[in-house]
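Quick note: the coordinates plus some simple rules give every number you see, no bench work behind them. Nothing here was measured: the structure is a model prediction, and the numbers come from that model. Cβ coordinates were reconstructed from backbone atoms using ideal geometry, including for glycine residues, and neighbour counts include every protein chain displayed.
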Amino acid sequence: MTRIAVAGAGLIGMRHLAALRVAGIGIHSVIDPDPGAAGIAAEHGVPHFETLAAGLAAGPDGLILATPNALHRKGALAAIAAGVPVLVEKPIATSLEDAAAIVEAGEAAGVPVLTGHHRRHLPVMQVARERILSGAIGMPVAAHAMFWIAKPDGYFDTPWRREKGAGPLLMNAIHDLDMLRFLLGEVETVRAVATNRVRGHAMEDAAAAVLTFANGALGTLQCSDAVVAPWSHECTAHDNPAYPPTDENALWIGGTLGSLALPRGTLWHDGGRRDWWAPLETTRLLRDIEDPLVAQVRNLEAVIRGDAEPVCSGREGMLSLAVLEAVKRACETDCVVRLSE
Ligand SMILES: NC(=O)c1ccc[n+]([C@@H]2O[C@H](COP(=O)([O-])OP(=O)(O)OC[C@H]3O[C@@H](n4cnc5c(N)ncnc54)[C@H](O)[C@@H]3O)[C@@H](O)[C@H]2O)c1
């Protein structure tokens, strides 16, 4: 049986442990210096290690690195050096330089690196991508992604969540940017603005960006963790029971023959008439049935066995981070940022 270690038994690490259980994949150990982690390991009946070095020395088949962002580079490089395939939580790193170090080390050593952009594992997103590629919405023209949600004050009690870089762009909107890349391909230019006027923390609490894609489509991103609203992937995808479910959407892709509202998975079209007076019809792509975190650990296991390619590789995580960094640079400089730079 494949046995995967989980480093970082915090908010998302706990969900990875649960996903491994649901997927029937072995949990090798829990690695976390927090005193409470020993109890979590005991609940799962597996060893607890306080350091990554000790956990890796015990020989897991794979590692899920769910530690704070700033520790991703060090942890991923340690896993690669030990020859252990690693799924690094998003963002893959806090800088492109760190991301490149991870990706290049993994590729040089032949050790698989995956990024935890779990939304790619949602069946509805995979079908949406297939439909776009097969021409169901015609030529993609426009896209809009929304992340509007209200993080409670207690969320910011954890010091690293108040620090520069840990704002909703890097923590949350990177998922939306990754989804836009997944569905529409590479981004060419970015314009953006950000503000911190609600909380006054070191990082933004609202941002807006305009993206152009290599395929010619135009995209917009709205991101705020200080707005009470139903339009976020978190509330609309129903893939994380922690968030109140709404039946809204958070991502729209528009084309010359139709448009998609996601994650509900509604395809709007007018039967090819392209007439604003023609009645619009809707088709439901499909209902999601699998928790994307479970699908993600299944993919990790298949990659470890050599039976599959990563659905979201380290390199893909790095490319999404590049778009995120471009958004941040556009906010700082008030200039158009070209990804080719
Ligand atoms: N995919 C998603 O939707 C999603 C959701 C939440 C968080 N995340 C990402 O997961 C990571 C963790 O976020 P979180 O919200 O769970 O954080 P958290 O603060 O709740 O948990 C982090 C855990 O890491 C532990 N830790 C600290 N140093 C460690 C070390 N050296 N070795 C092992 N463990 C160590 C901490 O004790 C803590 O238990 C971040 O990168 C975050 O961006 C992803």
- Query: Check Leu114: other-chain or 5+ apart residues with amide H under 5 Å from its amide H, H built from backbone geometry?
  - Reply: Val86, Leu87, Val88, Gly314
- Task: Identify which of Gly272, Gly138, Gly75 has the largest mean-square fluctuation in a Gaussian network model of the chain, with springs joining Cα atoms closer than 10 Å.
- Result: Gly272
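Which value in deg cm²/dmol, rounded to the nearest 500, describes the helix-derived mean residue ellipticity at 222 nm for the chain, given -39,500 (n - 2.57) per DSSP H run of n ≥ 4 and division by the residue count?
Mean residue ellipticity, 222 nm, calculated: -10000 deg cm²/dmol.
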- If you build a Gaussian network model of the chain, linking Cα atoms that sit under 10 Å apart, which residue out of Leu56, Leu77, Leu280 swings the most? Leu280
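Out of all DSSP beta bridges in the chain, what portion is antiparallel? Express it as a percent rounded to 5.
On the way: 36 of 60 bridges.
Given both bridge residues lie in the chain, the antiparallel proportion sits at roughly 60 percent.
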- Loop-resident chymotrypsin sites (Phe, Trp or Tyr not before Pro) in the stretch 171-280 with no more than 12 other Cβ atoms inside 10 Å, DSSP not H/G/I/E/B, are Trp276, Trp277
- Query: Which angle between 0 and 90 degrees, to the nearest 10, do you get for helix 174-184 versus the longest principal axis of the chain when only C-alpha atoms count?
  - Reply: 50
- Against the longest alpha carbon principal axis of the chain, how many degrees, from 0 to 90 and to the nearest 10, is the axis of helix 292-305 turned? 60
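If neighbour count is taken as other Cβ atoms inside 10 Å, put Met203, Met1 in order from fewest to most. Spell out each step's value before the answer.
On the way: Met203 21, Met1 8.
In order of increasing Cβ crowding within 10 Å: Met1, Met203.
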- Note on the structure: Rh (Kirkwood, all Cα-Cα pairs) for the chain, Å, reads 20.7
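List the trypsin sites (Lys or Arg not before Pro) within the stretch 161-223 that DSSP assigns to loop and that have no more than 15 neighbouring Cβ atoms inside 10 Å. Before the final figure, lay out the partial values.
Details: sites: Arg161, Arg162, Lys164, Arg181, Arg191, Arg197, Arg199; in loops: Lys164, Arg197, Arg199.
Answer by residue number: Lys164, Arg197.
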